């Protein structure tokens, strides 16, 4: 039995089945920019939507987001709040905080179950949009979290402009270290790459970095240095401290989707493979945002993907329409 909070949606728009499950056209799982944009465009298409979110955004530590037209510099949490308020203003929308733990097929519909603080939510939907983003796994440095979102960032497109004049560190343990370092170097004049003795560099990679003026330190890293006033450096395992006031880190990203009972095609990184409109390999299931290749992107790009996917969902629910953009791929 679903026990939704009072005022979560207009009473005229809310329907339940005999088991007490909320009946909607679409369940959108995740209320970041991708999910919010999908939900907003779907309710504007007169689709009933249940938007569910665990309220655990991976950018919660970030104080400012950038590159979002008319909202440059806004807090990511404020952006989410504004988007949720807009979605909630439509009677076709039901917005609930919950942790979704089960999405299972039920004939031509999907059953979605979630729970939060003793309250269960169950819904039956014609379509499901996955917009849950990714979980970040950082290098094992004790002080990294303390500086993440202020001095250290993961998205250079988002934060490179503000960090450009600083002596920067780039901590990367993955095989794409050279390409990512070169991208950061497009913003930074003073950059040291730390592989922590994990990322593999060949002679060609070292030469490319050297040609770009990027220094490389392949020794093991013990931790970041600093205090409440900010980051001051990178401490190596041998005790040497290299001065840095900020930097970037390359997390490993994980798409945690064990709660979806569907055989979704996924790439080597575990991201959900979709067509250009967000359709997965399973009819009725869509995915949008960071959970899809090419992976983490700017917030404005995720919002755009949400709008595109909403259009695809609506067209598919109408039925009998040809999506010309996909037909010409």
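Treating r as the C-beta distance of residue 281 and residue 46 and R0 as 25 Å, the FRET efficiency rounds to 0.35. On the basis of the beta-carbon distance and an R0 of 22 Å, residue 206 and residue 232 show a calculated FRET efficiency of 0.20. Counting beta carbons within 10 Å around each of 119, 195, 132 and listing the fewest first gives the order 119, 195, 132. In the Gaussian network model of the chain, springs joining C-alpha atoms below 10 Å, which of 197, 247, 114 carries the largest mean-square fluctuation? Highest fluctuation of the listed residues: 197. The alpha carbon gyration tensor of the chain gives principal lengths a ≥ b ≥ c with a/c of 1.5 or higher and a/b greater than b/c, which makes the shape prolate. In the stretch 139-250, the DSSP beta bridges split such that about 40 percent are antiparallel, to the nearest 5.
The length gained by stretching the chain between residue 321 and residue 115 to full extension, at 0.36 nm per residue less their Cα-Cα distance, is 70.5 nm.
Sorted ascending by nearby beta carbons within 10 Å, beginning with the fewest, 110, 187 become 187, 110. DSSP finds beta bridges in the chain, and of those with both partners inside it, around 45 percent are antiparallel. Build a GNM of the chain with springs between Cα atoms under 10 Å apart, and of 240, 314, 66 the one that fluctuates most is 240. Counting beta carbons within 10 Å around each of 74, 171 and listing the fewest first gives the order 74, 171. A Förster distance of 25 Å, applied to the separation of the beta-carbon atoms of residue 78 and residue 161, puts the FRET efficiency at 0.80. Here is how the number arises for the chain: DSSP H runs of 4 or more residues each give -39500 (n - 2.57), the sum is divided by the residue count, and the result at 222 nm is -7000 deg cm²/dmol. Taken over the stretch 139-250, the alpha-carbon convex hull comes to 88 cubic angstrom per residue. How big is the gap, in Å, between the Cα center of the stretch 13-64 and the Cα center of the stretch 181-218? Result: 42 Å between the Cα centres. If the elastic network links every pair of Cα atoms under 10 Å, which of 287, 125, 115 fluctuates the most in the Gaussian network model of the chain? Residue with maximal mean-square fluctuation among 287, 125, 115: 115.
In this simple spin-label model, placing a label point 7 Å from the Cα along the Cα-to-Cβ direction at both residue 138 and residue 15 gives a separation of 4.7 nm.
Values quoted throughout were computed directly from the atomic coordinates according to the rules given, and no laboratory measurement underlies them. Keep in mind that this is a model prediction, so the values were computed, not measured. With ideal geometry, Cβ positions are generated from the backbone for all residues, glycine too; neighbour counts draw on all protein chains shown.
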